[in-house]
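Structure, as structure tokens:
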There are 2 protein chains.
Amino acid sequence: MSTHSTYALSGKQFIGGQRIASGDAELISLRADNQQPTGYRFYQASLTEVDAAAQAAARAFNVYSQTSAEQRADFLAAIADELDALGDDFFAFAAQETALPLPRLTGERGRTSGQMRLFAELLRSGRVHGAKIDSALPDRTPLPRPDLRQYRTAIGPVAVFGASNFPLAFSTAGGDTAAALAAGCPVVFKAHSGHMITAELTALAIERAVQKQQMPAGVFNMVFGGSIGADLVQHPAIQAVGFTGSLQGGRALFDLAMQRPQPIPVFAEMSSINPVVVMPQALAQRGEKIAQELVSSFTLGCGQFCTKPGLIIGKRSAAFTQLIADLQMRVNASPPQTMLNAGTRDHYLSGLQAWDQHPQLHHLAGSRAEHAHLAVAQLYQADCQLLLNADPLLQQEVFGPVAIVVEVADQQQLLAALENLQGQLTATLLADEEDLGEASALAQLLTRKAGRVLFNGYPTGVEVCEAMVHGGPYPATSDSRGTSVGTLAIERFLRPVCLQNYPAALLPPALQDSNPLNLLRLVNGEYTRAALHSPATH
Amino acid sequence: MSTHSTYALSGKQFIGGQRIASGDAELISLRADNQQPTGYRFYQASLTEVDAAAQAAARAFNVYSQTSAEQRADFLAAIADELDALGDDFFAFAAQETALPLPRLTGERGRTSGQMRLFAELLRSGRVHGAKIDSALPDRTPLPRPDLRQYRTAIGPVAVFGASNFPLAFSTAGGDTAAALAAGCPVVFKAHSGHMITAELTALAIERAVQKQQMPAGVFNMVFGGSIGADLVQHPAIQAVGFTGSLQGGRALFDLAMQRPQPIPVFAEMSSINPVVVMPQALAQRGEKIAQELVSSFTLGCGQFCTKPGLIIGKRSAAFTQLIADLQMRVNASPPQTMLNAGTRDHYLSGLQAWDQHPQLHHLAGSRAEHAHLAVAQLYQADCQLLLNADPLLQQEVFGPVAIVVEVADQQQLLAALENLQGQLTATLLADEEDLGEASALAQLLTRKAGRVLFNGYPTGVEVCEAMVHGGPYPATSDSRGTSVGTLAIERFLRPVCLQNYPAALLPPALQDSNPLNLLRLVNGEYTRAALHSPATH
């Protein structure tokens, strides 16, 4: 469909290793900075194409779910290599589509290939198998115990919905795709309409890795189009969903998935206001620095982070009043930034309007002059009563460079206010040594509310590692038992299977007596890498 | 409410350590063998009482979720001791209410206290914490890595719905209650109307353990009544649901839980027909024994097991024809048995009626004479086409002593028939050495269909151990990623939390540098029991 570039973009669906499209190309790719067409158009997937993509994933599943962890590790590493080989043209397109600055995009590419490699490492470590063996006890009374062995296997084809704000790390080859592929689950990815060129170029990179590693056609599929998400989630071949986006969108897909004849698990990462509590001693020691860091954090990337600290809470004091003044000053000095797309900016403006009309929310800082295509940082203050009453407007995430300050009377009111918060991705305490007495109860409370609790940091960096949790109680996500970042993310797409009295010849390597993968296995309640002695030689 | 016994049964709800009832006692306890009143009556819980029970659990949660794993282990062990101390009177009541024979009930008590102790062991082993540490990398470029530590914490108060067929092991103090309490989650248990005396005596045993171990009032609550399940699942304080019962009942509660403003995880174990494939060589070697063992398994306990093998499949042959004849002979010789209650028997009879009316299902054996309160074993044969067409009637679990035989033409038809099965708790292959060539593909297919795949055994025993999976794809359960038996069951009620840059003084013991619990922790990607060296001394 290219009219302006040497890139071979077809704008078609990726289905079972083929490029397919029927009808006319109707989806127009737009530049983020001026909403003008980039010159590329994409085909809206038809219902038939969505069905074909899900069927292709289902066919691939039977082969792909039986690949070894080592084979999948090689595949993920090959995808990482292809991502790392993407050149300047790719980044130029991504920057055009998202208005994200080049250093941010190249950094995000490193994160994206890095998390592919982290899952490859997890697969090579063998921890993914969850191998457990309870040996037969033929002489036990009153009943003998059979030989029982447990491992984990892929749940089935996964539908993945990427986010607009991370066109690489939470999109086509992002964390959900990486986790699903690592688990042995083929993926049907719904391309985000905000960065379709980026999506197509990334999908082509994945396709190259599929071919190099001789993975089954259909292990990765991608469809374009706005309204096809519902059809995809309802397709009987789809067995799980990964989603990053708005509460409204995530909940709608969740509801459809739960109303299926066969409901399927949905991990939707949706909405969080990421409270930050500023404790008195920390405020006294470094109030000015905190003001600077807070504004940096909530305006970073134009506030387009799921972990943006949107709520700043502290006890009424002269120092807190000064903090508010410092925040105002810095917000007023923040330069306007371009948002990801017109829709994001419209949502930002309508979010601000709703706050403007609320009698207990007061605008503190930020120019309200209209800047075409740009968003301006804003600061609000809310009456503490809004938290105490669990006012829904205050708890609603407004995506963009804005935060709300809340003053509380004392520790008791602080605890009561935090108790009324909904589930969060993160909660942060800025606290010095002398604050720790009071911080202890707060931290315990916040651990019930959030997937990640931070001290003296800002939530807008999400490290990709073993210990990360990017999740949390509803509405932060649809299932607090999962995470979409870090190695634990794979568990969303695995299910346990028990093999009872299996013939040695049919046991998967992870569960064979000789332990050929050298796994750390739970054998009769103890972790060991030792081989099992067969009763005959024992 | 006792009129005939020395037992101090009040028939009231257990709420926050109190016995509470308003209104009139309306729930009449019935004998299973003749549907006559036992002489005991119970109070239907009011909406206010359901609310009070959920609130009591929520209050207890703040304290109970902060107890150490060691404290919870002691509590579970104390419950086990109380269960083991239940005397002859208890079993006499349980036998009256369920018609289950005494040896079965005393065996089930051992299993029930045994699984409490297994979870206590799991808590003492420390594996429950899932401790992972990624150390700070202050010098990393371009950005330093903060210190990140992950552990698992209780999800919140859990509503548990017990099953009629295991009045101990899947009821008041059964596996779901044990898993929830082990995880740090208070329980609101809905007593099953089929064994309310047993439920009250068991709840009193739990209450004694609560007091001895000084656990918070409200850590265990129990409400009586048929229609209150919906209110319980919709109560905002309830954060997860464990259910064992029918597909209809489980799905109804699942739907309510998913439609809540805040949806919550539901693990419902519901419906499975547990296919058994009889392979040619095994049939040739021991056909008569297989017939005897199959009939024993599907008539065991009057067929009232979730894992009852309800579908027997084999390739058309003289030996398979002989197997069918042997099955018929043994079914016709099976003595009638008493079912758990009138409702169960009504379901059994209406299930048989539906099959009788199906043109492609043929009755093969079993007297159809009416026996008051008794159920008679039955055998049917179905045309293989029913499996190939995924006929819903054939796949519907009929609880009771009945199985369906299906003959297939060849291996290809066998694979096609099995491919059309819905999700199962178990799938079994009866196969000898020479069958293994063909069994390999079958086993791989069945691993996609079931939570447990057995060779040369019968599914009706469910071992309580590390490696067990009592779960499986829908409709066997509502979430194939869980199990309701075995230590893995605890994971349904835990969620991960990441602590970032936490002050040493506030870290939970599982994540402290010195590793005071001597846990095997994943530290920077490697398992170790070693303490962490602080950067200062390193």
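The values are calculated or read from the model by the stated rules, or taken from the named source; none is laboratory data. Being a predicted model, the structure only gives us computed values, none of them experimental. A quick note on method: Cβ atoms are made from the backbone with ideal geometry, for glycine too, and the neighbour counts reach across all protein chains shown. These area figures cover heavy atoms from the full protein model, side chains too; ligands, DNA and RNA do not enter into them. Shrake-Rupley method; radii C 1.70, N 1.55, O 1.52, S 1.80 Å.
Over the range A:275-455, the alpha carbon radius of gyration divided by the compact-protein estimate 2.2 N^0.38 Å works out to 0.98. All Cα-Cα distances of the range B:142-218, cut into 5 Å bins from zero to the largest, leave 3, 15, 21, 21, 14, 7, 4, 4, 3, 3, 2, 2, 1, 0 percent in each bin in turn.
Exposed loop sites here are trypsin sites (Lys or Arg not before Pro) assigned a DSSP state other than H, G, I, E or B and surrounded by at most 13 other beta carbons within 10 Å; excluding them, the longest clear run of chain A is A:141-315. Across chain B, the mean sequence separation of Cα contacts (distance under 8 Å, 6 or more residues apart), normalised by length, yields a relative contact order of 17 percent. Working note: Karplus 6.51/-1.76/1.60 with θ = phi - 60° gives the range B:508-520 the couplings x, x, 4, 10, 6, 3, 6, 6, x, 8, 6, 7, 7 Hz, where Gly and Pro are set to x.
Secondary-structure-derived ellipticity at 222 nm for the protein assembly as shown, considering helices only, amounts to -11500 deg cm²/dmol, per-run term -39500 (n - 2.57) for DSSP H runs with n ≥ 4. Here chain A is treated as an ellipsoid with the same Cα gyration tensor; its semi-axes, largest first and in whole Å, are 42, 32, 19. For the range A:275-455, the relative contact order works out to 29 percent when only alpha carbon pairs closer than 8 Å and six or more residues apart are counted. Around the amide H of residue A:136, modelled in the peptide plane, lie the amide H atoms of A:147, A:148, all under 5 Å away and 5 or more residues distant in sequence or on another chain.
Divide the volume of the convex hull around the Cα atoms of the protein assembly as shown by the residue count and you get 168 Å³ per residue. R0 = 35 Å: FRET efficiency of residue B:259 with residue B:124, Cβ-based, nearest 0.05? About 0.35, to the nearest 0.05.
Summarising the amide proton neighbourhood of residue B:515: residues at separation of 5 or more, or on other chains, whose placed amide H is nearer than 5 Å comprise B:532. State log₁₀ I(q)/I(0) for the range A:176-215 at q = 0.18 Å⁻¹ as given by the Debye formula over alpha-carbon point scatterers of equal weight, solvent excluded. For the requested q values the scattering log ratios are -0.56. Over the range A:108-177, Cα pairs under 8 Å with separation of 6+ residues give a relative contact order of 32 percent.
Going down the table (B:289/B:315; A:132/B:308; A:12/A:190), which pairs top 21 Å between alpha carbons? The pairs that break the limit, which is 21 Å between Cα atoms, are A:132/B:308. Taking Cβ atoms as reference points and 12 Å as the exclusive limit, the residues near residue A:459 contribute a net charge of 0, counting Lys and Arg as +1 and Asp and Glu as -1.
Here the Karplus relation 6.51 cos²θ - 1.76 cosθ + 1.60, evaluated at θ = phi - 60°, turns the backbone of the range A:379-388 into coupling constants of 9, 10, 10, 10, 5, 4, 4, 4, 6, 4 Hz, with x for every Gly and Pro.
Averaging Cα coordinates gives a centre for the range B:295-370 and one for the range B:220-235; these two points are 34 Å apart.
Residue ranking by accessible heavy-atom surface, 1.4 Å probe, largest first, among B:478, B:125 comes out as B:125, B:478. Applying a length cut-off of 30 Å (Cα extent along the axis) and a mean Kyte-Doolittle floor of 0.0 to the DSSP H helices of chain B leaves no helix. Database remark: amide H of residue B:523 closer than 5 angstrom to the amide H of B:133, B:528 (H placed geometrically; neighbours at sequence offset of 5 or more, or on other chains; Pro and chain starts carry no H). Tell me the net charge near residue A:264. Cut-off is 13 Å between Cβ atoms, residue A:264 excluded, with +1 for each Lys or Arg and -1 for each Asp or Glu. Cβ neighbours under 13 Å give a net charge of +1. With the simple model of a label 7 Å out from the Cα in the direction of the Cβ, residue B:62 to residue A:88 spans 6.1 nm. Note that the range B:213-228 has calculated 3J(HN,Hα) couplings of 9, 6, 7, x, 4, x, 5, 9, 9, 9, 10, 9, x, x, 9, 8 Hz, one per residue in order, obtained from phi through the Karplus relation 6.51 cos²θ - 1.76 cosθ + 1.60 (θ = phi - 60°); glycine and proline are x. The slack in the chain from residue A:284 to residue A:104, taken as 0.36 nm per residue of separation less the alpha-carbon distance, amounts to 61.4 nm.
Nearest-to-axis residue in chain A, judged by Cβ distance to the rotation axis that brings A onto B and given in whole Å, is A:258, 2.
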